[in-house]
Amino acid sequence: MKELSVDVAVIGGGTAGLGAYRAAKRSTPSVVMIEGGPFGTTCARVGCMPSKLLIAAAEAVHQIERAPGFGIHPQGETLINGREVMDRVKRERDRFVGFVLEGVDEIPAQDKILGYARFIDNNTLQIDDHTRIQAKRIVIATGSRPSWPAVWNNLGERLLINDDVFSWDDLPKSIAVFGPGVIGLEIGQALHRLGVKVTMFGVGGGVGPLTDSVVKEYANKTLNEEFYLDPDAKVEIMQPEGNHVFIRYLDKQGNPQDILVDYVLAATGRRPNVDNLSLENTSLELDARGVPVADRLTMQTSVSSIFIAGDASNQLPLLHEASDQARIAGENAGTFPEINPGLRRSSLSVVFSDPQIAMVGSTYRALNQRFSACGCFEVGEVSFENQGRSRVMLRNKGILRVYAEQGTGLFLGAEMMGPDVEHIAHLLAWAHQQKMTIDQMLDMPFYHPVIEEGLRTALRDVQSKLKLGHEEAERCQRCPGE
Ligand SMILES: Cc1cc2nc3c(=O)[nH]c(=O)nc-3n(C[C@H](O)[C@H](O)[C@H](O)COP(=O)(O)OP(=O)(O)OC[C@H]3O[C@@H](n4cnc5c(N)ncnc54)[C@H](O)[C@@H]3O)c2cc1C
């Protein structure tokens, strides 16, 4: 057994692990990074990048389908060559992974330990059966993995997760997607547009990450115009049948429907990879899901020398959040016992469906809980259906709802579905982080004709409903929340 003694050990070599390793290295040369699986990061290998590549192919098909609306009629049938589609997805994906691997190659060999780590105690890690590491400080950056109901395992190779989709050589004919969350919506809609027969089921009525029922309903209706989506489905039977999966579900009218699909895609959520770390050997305080509780500004856990970052922290499973948390956790692990709060940005998330879905700042649900007793927030709304530029481009679908605080007029958050709202979401996230009021946002320039003029309409709408002033602001300050 090899024995090592280091200042900092980082568990995981994904986005958060690499970031934490580099940040810790700025304070001490004695840092190792432990990786059990393949290097290359979830984002580049099976996450953000291949999913966007698949979506880009789907958008190409959709543009051809929209062309007749402009009086342009592509001749003949559109041929979607699944092999070529998947070839480009994988080729470009490999390019992105290659850049990550180049970075990993630059890390000195002695700093990279290959194998799965588990805790022996608060300062000792065992790597497979070959290495034991004494570490003064540890950063957990082990990411997350897909989770699904265990009974689905009887589907065998017909049950897929997102990783499998990105290793296809060709497109299947049909698929049932379970889970209309971010991953299910992105992959499901893309496959539908690429000619795969998609049926999508959820439980509990959720659509993407949306919490505002007005936007959620709009998204549900809009996506249903393209493919069958029941966010609160009743599936009665799901079993393998030859090279297919037989599914019996009750449709929205309550009638039983039988379908045979090539595959079932489980997009039913992801769980932090902390259950295989033998955390019971530590004195870490865990939350209800078994995840170490951590301060979001320092990423320090209840054991002062252990930090956590990325999807493993179960805070916000997004790439830019993983990078931010990694920098904070790595810097603090490097400089411990001196630790400092790091920058946590305003929350921003985007679903690359079409129309896109985005959320900024506080969610509608959180605001409702906080202010429901005193009516201290107002909603401004715009529909993109008659919005000038959106109509020009024949992309006039969507709704944007902005939230603002009574009394101060502070911009609190927004939820939306609309054309390329990734851009509006960025503007709004910047305004949110700058703690701008609705008045200040309306003082900013808006070009003509642009989709952002829709945002201005929503801001004006909420402005007209706000009661500003000291008295109201103080009343709302006292609003108890839940
Ligand atoms: C399909 C999909 C699409 C996505 N799209 C987006 C997007 O558009 N935008 C966005 O912001 N985010 C997106 N995400 C989320 C984003 O990919 C993650 O938030 C991010 O990759 C998390 O990085 P991480 O370092 O925490 O995890 P990872 O990159 O998964 O790294 C964790 C590493 O730890 C290793 N490991 C685990 N356990 C151990 C152990 N015990 N010992 C040693 N090593 C271990 C793993 O092998 C892995 O390499 C997407 C995710 C998916 C799945």
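The values are calculated or read from the model by the stated rules, or taken from the named source; none is laboratory data. Everything numeric in this text was worked out from a predicted model, so none of it was measured. All Cβ positions, glycine included, derive from the backbone under ideal geometry; neighbour counts span all protein chains shown. Heads up: the accessible areas ignore ligands, DNA and RNA and are worked out on the full protein's heavy atoms, side chains in. Shrake-Rupley method; radii C 1.70, N 1.55, O 1.52, S 1.80 Å.
By accessible area of protein heavy atoms, probe 1.4 Å, what ranking do SER372, SER362 get, highest first?
On the way: SER372 70, SER362 40 Å².
These residues rank, largest area first, as SER372, SER362.
So what's the net charge close to HIS432: Lys and Arg +1, Asp and Glu -1, counting the other residues with Cβ under 14 Å from its Cβ? Present the calculation step by step, with values, prior to reporting the outcome.
Numbers: positive: ARG344, ARG345, LYS435; negative: GLU405, GLU415.
Around HIS432, the charge tally is +1.
Work through the residues other than GLY156 whose Cβ is under 14 Å from its Cβ and net out their charges, Lys, Arg +1 and Asp, Glu -1.
Details: positive: ARG158; negative: GLU157, ASP164, GLU241, ASP262.
Charge balance in the 14 Å sphere: -3.
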Keeping all protein chains in the complex and leaving out DNA, RNA and ligands, what accessible area do you get for HIS470 with a 1.4 Å probe, in Å² to the nearest 10? 150
Tell me the mean residue ellipticity at 222 nm calculated for the chain from its helices only (DSSP H runs of n ≥ 4, each -39500 (n - 2.57), averaged over every residue, nearest 500). -10000 deg cm²/dmol
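Carbon-plus-sulfur fraction of the accessible area of the chain, 1.4 Å probe, in percent?
On the way: 11300 of 22230 Å².
Taking all protein chains in place, the chain shows 51 percent carbon and sulfur surface.
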Can you give the accessible area of TRP148, probe radius 1.4 Å, in Å² rounded to 10? 90
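For the chain, what is the accessible area per residue in Å², given a 1.4 Å probe and the full set of protein chains? Intermediate values should be presented prior to the final figure.
Details: 22230 Å² over 482 residues.
Ligands and nucleic acids excluded, the result is 46 Å² per residue.
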If you average the alpha carbon positions of the stretch 131-181 and of the stretch 52-125, how far apart do those two centres end up, in angstrom? 16
Under 5 Å between amide H atoms, partner at least 5 residues away or on a different chain: which partners does ILE113 have, H built in plane at 1.01 Å? MET33, ILE34, GLU35
Residue by residue through the stretch 258-266, the couplings from Karplus 6.51 cos²θ - 1.76 cosθ + 1.60 with θ = phi - 60°, in Hz, x for Gly and Pro, are 10, 9, 10, 10, 5, 9, 10, 9, 8
Pop out the ³J(HN,Hα) list for the stretch 143-157 in order, Karplus 6.51 cos²θ - 1.76 cosθ + 1.60 with θ = phi - 60°, rounded to Hz; leave Gly and Pro as x. x, 9, 9, x, 10, 8, x, 4, 4, 5, 4, 5, 7, x, 6
Please give the FRET efficiency for ARG83 paired with GLU3, using the beta carbon to beta carbon distance and R0 = 45 Å, rounded to the nearest 0.05. 0.35
Take peptides 324-330, 14-20 and line them up by average Cβ neighbours within 10 Å, highest first, as a rough protection proxy. 14-20, 324-330
Two pseudo-spin positions, 7 Å from Cα along C-beta at PHE246 and at LEU297, lie apart in nanometres by 6.0
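Under the 0.36 nm per residue contour assumption, what length would be gained going from the current alpha-carbon distance of ASP170 and HIS73 to full extension? Walk me through the numbers before you get to the answer.
Details: separation 97, 0.36 × 97 = 34.92 nm, distance 2.78 nm.
Using 0.36 nm per residue and subtracting the Cα-Cα distance, I get 32.1 nm.
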Charge context of GLY202, other residues only, Cβ under 13 angstrom, K/R +1, D/E -1: +1
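Listed highest first by mean packing, meaning other Cβ atoms within 10 Å per residue, what order do 395-402, 251-258 come in? Please list the in-between numbers first.
Values: 395-402: 23.2, 251-258: 9.9.
With the highest mean Cβ count within 10 Å placed first, the list reads 395-402, 251-258.
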Calc'd 3J(HN,Hα), the stretch 463-475, phi into Karplus 6.51 cos²θ - 1.76 cosθ + 1.60 (θ = phi - 60°), Hz, glycine/Pro = x, comes to 4, 5, 9, 7, 10, 9, x, 3, 4, 5, 4, 5, 4
Can you give me the long-range amide H partners of THR268? Hydrogens built in the peptide plane at 1.01 Å from N, cutoff under 5 Å, separation of 5 or more residues or another chain. SER147
Heavy-atom accessible area of LYS112 with all protein chains present, probe 1.4 Å, nearest 10 Å²? 50
Find how much the distance from VAL392 to ALA373 grows on full extension, using 0.36 nm per residue of separation minus their present alpha carbon separation; answer in nm with one decimal. 2.6 nm
Bin by bin, in steps of 10 Å, what percent of the Cα pairs in the stretch 144-235 do you find, going until the bin that has the longest distance? 15, 50, 30, 5
